[in-house]
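S.K.: Structure in structure tokens, see below.
The values are calculated or read from the model by the stated rules, or taken from the named source; none is laboratory data. These numbers come from a predicted model, not from an experiment. Note that each Cβ is placed from the backbone with ideal geometry, even for glycine, and that neighbours are counted across all protein chains shown. Only protein heavy atoms, including side chains, enter the accessible area calculation; ligands, DNA and RNA are left aside. Shrake-Rupley method; radii C 1.70, N 1.55, O 1.52, S 1.80 Å.
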Amino acid sequence: MIRLQTTTPATLHHIHLTSADPQRLSGFYARMLDYTVTRSADGVHVLSGGERNLLISAGPNGSPAFVAFALQDAATLARLRDRLETSPGGVEPLATPFFAAGAFALRDPQGRRIAFGVPVATARPDPRPGRLQHVVFQSNSLAPLVEFYVDRLGFSISDEVRNDDGSLAVFFIRSDHEHHSLAFFLGSKNELDHHAYETSGWSDIRDWGDRFARERISMFFGPGRHGPGNNLFFMVNDADGNKLELSAELESMTPEQPPRTWPNTEYTLNTWGQAWMRS
């Protein structure tokens, strides 16, 4: 069993999305989330912010090329790579403009690429708070993912949502002190569910809501408060229909906290009222 050490957490750093129209999608994020956009030598759109970073390249809409986690230094990265190279599947080199040389990736049982590396720049606060904080997927089979992310990578389960028959419907996992950096919902497909930006408080949620309202981009879920994570939130769709979340007050957890169990009800996903139920 391979474990990330709690003294050297892995923090979600950036994601790489593909799009049938990368120019349009990049424009949406530049306009709505204040990203600065450049183009890499291979044509990838590089979207930079103080605490939020994103890559967009040509491909199917809503198909993440990888999700990238930052480690604190090269020595920590090397130790993790040495441990993962001996496990089934091994690792592969990864080049991304946001990480120094030596980054690598591996694939989960359903083909998602999870990357690790050391950032080339120090994070700084954005003028409009909203750091990239978590990514959520839907999956048609959760058990292999629990084995991979918990037993192989060493992430910790913070909360589980279970159906009336006891079967697993959702699990939230953390890679540092925050409630989750990844989560998986049982669904009919293996696909991106949403990605989320964590703000500094309720007033930021208001300000982000006003910004989307001025562009006539309606919320499709929220505002509300999640049960697991206890965070305030709302969700909108980007130019490709990808779902993005603005969040505040996400719960912090101690390393020894055990997983909690919630019923698969609307109240669990939104303690304020109606919820978007995936399954």
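S.K.: Would you check if there is a residue in the stretch 180-195 being open to solvent by less than 40 Å² (accessible area, probe 1.4 Å) and at pLDDT below 95? Outline the logic, then answer.
M.R.: Here is the first cut: in the stretch 180-195, the ones open to solvent by less than 40 Å² (accessible area, probe 1.4 Å) are 180-185, 187, 192-195.
Subset that is at pLDDT below 95: 187.
Yes, because at least one residue in the stretch 180-195 is open to solvent by less than 40 Å² (accessible area, probe 1.4 Å) and at pLDDT below 95.
S.K.: Also, quick follow-up: Right, ALA70: closer than 30 Å to ARG31 by Cα, of a type outside the set (Phe, Trp, Tyr) and touching a Pro at 6+ places or on another chain (Cβ under 6 Å) or not? It would help to see each step written out before you state the result.
M.R.: Working: closer than 30 Å to ARG31 by Cα: yes; of a type outside the set (Phe, Trp, Tyr): yes; touching a Pro at 6+ places or on another chain (Cβ under 6 Å): yes.
The answer is yes for ALA70.
S.K.: Within the set of pairs 6 or more residues apart or between chains, which connect a residue that is part of a loop (DSSP other than H, G, I, E, B) and modelled with pLDDT under 95 inside the stretch 152-167 to a residue that is open to solvent by 30 Å² or more (accessible area, probe 1.4 Å) and of a type outside the set (A, V, I, L, M, F, W, C) with Cβ atoms less than 9 Å apart?
M.R.: LEU153/ARG3; GLY154/ARG3; GLY154/GLN5
S.K.: Across the stretch 175-193, which residue is nearest to PRO127 (Cα to Cα) among those that are touching a His at 6+ places or on another chain (Cβ under 9 Å) and not in a loop (DSSP other than H, G, I, E, B)? Spell out how you get there, then give the answer.
M.R.: First pass over the stretch 175-193, keeping only residues touching a His at 6+ places or on another chain (Cβ under 9 Å): 178-183.
The next check asks that each one be not in a loop (DSSP other than H, G, I, E, B); those that pass are 178, 182-183.
Values: GLU178: 22, LEU182: 26, ALA183: 28 Å.
The qualifying residue nearest to PRO127 (Cα to Cα) is GLU178.
S.K.: I've got another one for you. Taking into account only those residues within the stretch 115-135 that are part of a strand (DSSP E or B) and in contact with a Phe, Trp or Tyr (Cβ under 7 Å, 6 or more places away or on another chain), which is most open to solvent (accessible area, probe 1.4 Å)?
M.R.: Going through the qualifying residues, I end up with ARG131.
S.K.: Now for a separate question. I'd like the full set of residues that are within 27 Å of PRO129 (Cα to Cα) and either in a loop (DSSP other than H, G, I, E, B) or at pLDDT below 95 (or both), limited to the stretch 246-270. Outline the logic, then answer.
M.R.: Kept after step one, since they are within 27 Å of PRO129 (Cα to Cα), are these residues of the stretch 246-270: 246-255, 268-270.
Across the stretch 246-270, the qualifying residues are GLU249, LEU250, GLU251, MET253, THR254, PRO255, ASN270.
S.K.: So which residues in the stretch 85-105 are out of contact with any helix residue (DSSP H, G or I) (no Cβ under 6 Å at 6 or more places or on another chain) and surrounded by 18 or more Cβ atoms within 10 Å (Cβ to Cβ)?
M.R.: LEU94, THR96, PHE98, PHE99, ALA103, ALA105
S.K.: Next question, about the same structure. Do we have THR18 as more than 27 Å from SER200 (Cα to Cα), assigned to a loop (DSSP other than H, G, I, E, B) and touching a strand residue (DSSP E or B) at 6+ places or on another chain (Cβ under 8 Å) here? Steps first, please.
M.R.: Details: more than 27 Å from SER200 (Cα to Cα): yes; assigned to a loop (DSSP other than H, G, I, E, B): no; touching a strand residue (DSSP E or B) at 6+ places or on another chain (Cβ under 8 Å): yes.
For THR18, the condition - more than 27 Å from SER200 (Cα to Cα), assigned to a loop (DSSP other than H, G, I, E, B) and touching a strand residue (DSSP E or B) at 6+ places or on another chain (Cβ under 8 Å) - is not met.
S.K.: How do the pairs read when you match residues in the stretch 98-110 that are within 11 Å of TYR149 (Cα to Cα) and of a type in the set (D, E, K, R) with residues anywhere that are modelled with pLDDT under 95 and open to solvent by 40 Å² or more (accessible area, probe 1.4 Å), using Cβ under 7 Å and keeping only pairs 6 or more apart or on different chains?
M.R.: Listed by first residue and then by second, the contacts come to ARG107/GLY89.
S.K.: Which residues, counting only those in the stretch 201-226, are in a strand (DSSP E or B) and open to solvent by less than 20 Å² (accessible area, probe 1.4 Å)? Full working, then the answer.
M.R.: The first filter runs over the stretch 201-226 and keeps only residues in a strand (DSSP E or B), leaving 221-225.
Listed by number, the residues that qualify are PHE221, GLY224.
S.K.: OK, next. Can you find even one residue in the stretch 30-47 that is open to solvent by 10 Å² or more (accessible area, probe 1.4 Å), modelled with pLDDT under 95, more than 26 Å from SER139 (Cβ to Cβ) and part of a helix (DSSP H, G or I)?
M.R.: no
S.K.: Name the residue, out of GLY229, GLY241, GLY273, that is part of a loop (DSSP other than H, G, I, E, B) and crowded, with 21+ Cβ neighbours inside 10 Å. Can you show your working first?
M.R.: Details: GLY241 fails: crowded, with 21+ Cβ neighbours inside 10 Å; GLY273 fails: crowded, with 21+ Cβ neighbours inside 10 Å.
Checking each option against the conditions leaves just GLY229.
S.K.: Return the residue satisfying two criteria in turn: it lies in the stretch 244-260 and is closer than 14 Å to SER156 by Cα and touching a residue at least 12 places away in the same chain (Cβ under 8 Å), and of such residues it is least open to solvent (accessible area, probe 1.4 Å). Explain how you work it out, then say what you get.
M.R.: Of all residues in the stretch 244-260, those closer than 14 Å to SER156 by Cα come to 252-260.
Next, from what is left, pick out any that are touching a residue at least 12 places away in the same chain (Cβ under 8 Å): 252-255, 257, 259-260.
On the way: SER252: 72, MET253: 13, THR254: 57, PRO255: 85, GLN257: 59, PRO259: 70, ARG260: 75 Å².
By that ranking, first place goes to MET253.
S.K.: How many residues does the stretch 6-15 hold that are open to solvent by 20 Å² or more (accessible area, probe 1.4 Å) and either at pLDDT 95 or above or part of a strand (DSSP E or B) (or both)?
M.R.: Looking only at that region, the number is 2.
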